[in-house]
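Taking it in order: structure first as structure tokens, then the write-up.
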Amino acid sequence: MSARRVTGAISATVDAAGHLRDLKLPRDAHRLGDRLASLILEAAANAERDAAAKSAAAALPLTEDSRVMEGLKSVRETFGPPPRSTTPLTDAEVEAADDAYFARLNGAAVYDQN
């Protein structure tokens, strides 16, 4: 899901999370001078609002169902909030985690190669 908003001749496209994925400027963007930055920000902000509204509308059938909401509440109470990683894993860490997962899956021992 994404949203696109055109402000003047500036077009901003964001994904469902509101991250900017595309920005189109007119060929004569330099003529906008000091207004260019604010027009880009305005187009992006409008696209973010549109994406948030679309996401909320898409989730509405689930969020209106009391059974779903009770289930989600129970999961949150049992497990707490999901952990948030602030730094992405390195390629070596991803590979080590994959190796460990498949070793456990196959019942094999995991040995550190370092």
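With respect to the numbered conditions (1) at pLDDT 85 or above; (2) open to solvent by less than 50 Å² (accessible area, probe 1.4 Å), which one is the sole condition not fulfilled by GLY80? Against the list (1) at pLDDT 85 or above; (2) open to solvent by less than 50 Å² (accessible area, probe 1.4 Å), GLY80 comes up short only on (1).
Of all the listed residues (PRO26, PRO88), the sole one being assigned to a loop (DSSP other than H, G, I, E, B) and over 19 Å from the mean Cα position of the chain (by Cα) is PRO26.
Taken over region 1-29, the residue count meeting the criterion of being at pLDDT 90 or above, open to solvent by 40 Å² or more (accessible area, probe 1.4 Å) and in contact with a helix residue (DSSP H, G or I) (Cβ under 8 Å, 6 or more places away or on another chain) is 3.
Run down ALA45, ALA58, ALA51 and say which single residue is free of Cβ contacts under 8 Å to residues at least 24 places away in the same chain and among the aliphatic types (A, V, I, L, M). That would be ALA45, the only listed residue that is free of Cβ contacts under 8 Å to residues at least 24 places away in the same chain and among the aliphatic types (A, V, I, L, M). Which one is nearest to ILE10 (Cα to Cα), of the residues in region 31-68 that are surrounded by 10 or more Cβ atoms within 10 Å (Cβ to Cβ) and over 22 Å from the mean Cα position of the chain (by Cα)? So the residue we want is LEU39.
When you check ARG76 against the structure, is it basic (Lys, Arg) and over 18 Å from SER11 (Cβ atoms), yes or no? Yes, satisfied.
The values are calculated or read from the model by the stated rules, or taken from the named source; none is laboratory data. The shown structure was predicted, so the numbers you read here are calculated from the model rather than taken from an experiment. Note that we place each Cβ from the backbone using ideal geometry, even for glycine, and neighbour counts take in every protein chain shown. SASA here: full protein model, heavy atoms, side chains in, ligands and nucleic acids out. Shrake-Rupley method; radii C 1.70, N 1.55, O 1.52, S 1.80 Å.
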